[in-house]
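Contents: one structure, followed by commentary.
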Amino acid sequence: MKALGSTGWKGPVKFRMPTAENLVPIRLDIQFEGQRYKDAFTWNPSDPDNEVVVFAKRTVKDLKLPAAFITQIAQSIQSQLTDFRSYEGQDMYTGEKIIPIKLDLRVNHTLIKDQFLWDLNNFESDPEEFARTLCKDLGVEDPEVGPAVAFAIREQLYEIAIQSVASARESRLSKKGRRGSDHGSASKSSGLSMDLVKLFSFKSSVVRKRKDLDIYEPMVDLLTTEEVDALEAREERHAR
């Protein structure tokens, strides 16, 4: 599996996804008029807002959903884009961060669990390419698994990027109150990432270490139709 190298960012950068493409992970779960629509995809925050309504209308038409879903879908997407854009222009302190990414997904009949390390400083990283390589290495045949893996990675990177904004803000406040203060951390994940830096050489592969195969070994399982039905019934009960 290809290692994720660092581009060497040390100080604050302006907020964006720490990937080559600055895409927002959008997750929809809408229940209306007795029907439910779930989806997950990425969106370019630079696209004009009228594209949101166009997408919502096309989705409702293609899936034959009630017309009322158009407003529901458009509002949910726009709300998530607004949240993302609220961080734009703010400093995001990354430092030397190698963070853990965990996967625990079921896509159709495929169950995949994995964990690996990701270089938050690599602004050339490509979750989609990583997911394709992972699925190829694991012999996953379902074409929907790769996009789901990439989306899960992007969701976690987005959350950590938000935490990094809080970390940069805390660092500025700390510097104002005390000269020579260290960069503060606003989350447990940032503290964990610094521990990982001590454990793993920053210049070496940060995906998996041979000595940690027991921890970082991926697991793929193909579920029977009965197992999938049981899981979906359980998920439906939780959704209610």
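The values are calculated or read from the model by the stated rules, or taken from the named source; none is laboratory data. Just so it is clear, the model here is predicted, and its values are computed rather than measured. Note that we place each Cβ from the backbone using ideal geometry, even for glycine, and neighbour counts take in every protein chain shown. Side chains are part of the model used for accessible areas, which takes the heavy atoms of the whole protein and leaves out ligands, DNA and RNA. Shrake-Rupley method; radii C 1.70, N 1.55, O 1.52, S 1.80 Å.
Roughly how many nanometres apart are two label points built 7 Å out from the Cα toward the Cβ at Glu124 and Arg234?
4.3
Tell me the net charge near Asp91. Cut-off is 10 Å between Cβ atoms, Asp91 excluded, with +1 for each Lys or Arg and -1 for each Asp or Glu. Mind dumping the intermediate values first?
Numbers: positive: Lys14, Arg169, Arg172; negative: none.
Residues close to Asp91 contribute a combined charge of +3.
To the nearest 10 Å², what's Lys14's accessible area with a 1.4 Å probe?
My reading of the accessible area for Lys14 is about 120 Å².
What figure in square angstrom, to the nearest 10, would you give for the accessible area of Ser79 with a 1.4 Å probe?
The accessible area of Ser79 comes to roughly 60 Å².
Quick one: grab the alpha carbon gyration tensor of the range 24-107, order the square roots of its eigenvalues as a ≥ b ≥ c, and give me rounded if a/c is under 1.5, else prolate or oblate depending on whether a/b is larger than b/c.
On the way: a/c = 2.96, a/b = 1.61, b/c = 1.84.
Oblate.
Between Ala67 and Glu21, with labels modelled 7 Å along Cα→Cβ, what's the label distance in nm to one decimal, could you check?
My value for the distance between the label points is 3.4 nm.
So what is the accessible area of the range 13-92 per residue, in Å², with the probe set to 1.4 Å? Intermediate values should be presented prior to the final figure.
Working: 4320 Å² over 80 residues.
Here the residues of the range 13-92 average 54 Å² of exposed surface.
Between Asp29 and Glu226, what FRET efficiency comes out of the Förster formula 1/(1 + (r/R0)^6) with R0 = 25 Å and r the beta carbon distance, rounded to 0.05? Please list the in-between numbers first.
Working: r = 25 Å, r/R0 = 1.00.
My answer for the efficiency is 0.50.
Percent of accessible area on the range 13-92 owned by carbon and sulfur, 1.4 Å probe? All intermediate terms of the calculation are to be shown ahead of the outcome.
Numbers: 2020 of 4320 Å².
Summing carbon and sulfur atoms, their accessible area is 47 percent of the total for the range 13-92.
Based on the Cβ-Cβ distance from Glu217 to Lys14, what FRET efficiency comes out when R0 is 51 Å, to the nearest 0.05? Please report the intermediate quantities before stating the final value.
Numbers: r = 37 Å, r/R0 = 0.73.
The pair Glu217/Lys14 has a calculated efficiency of 0.85.
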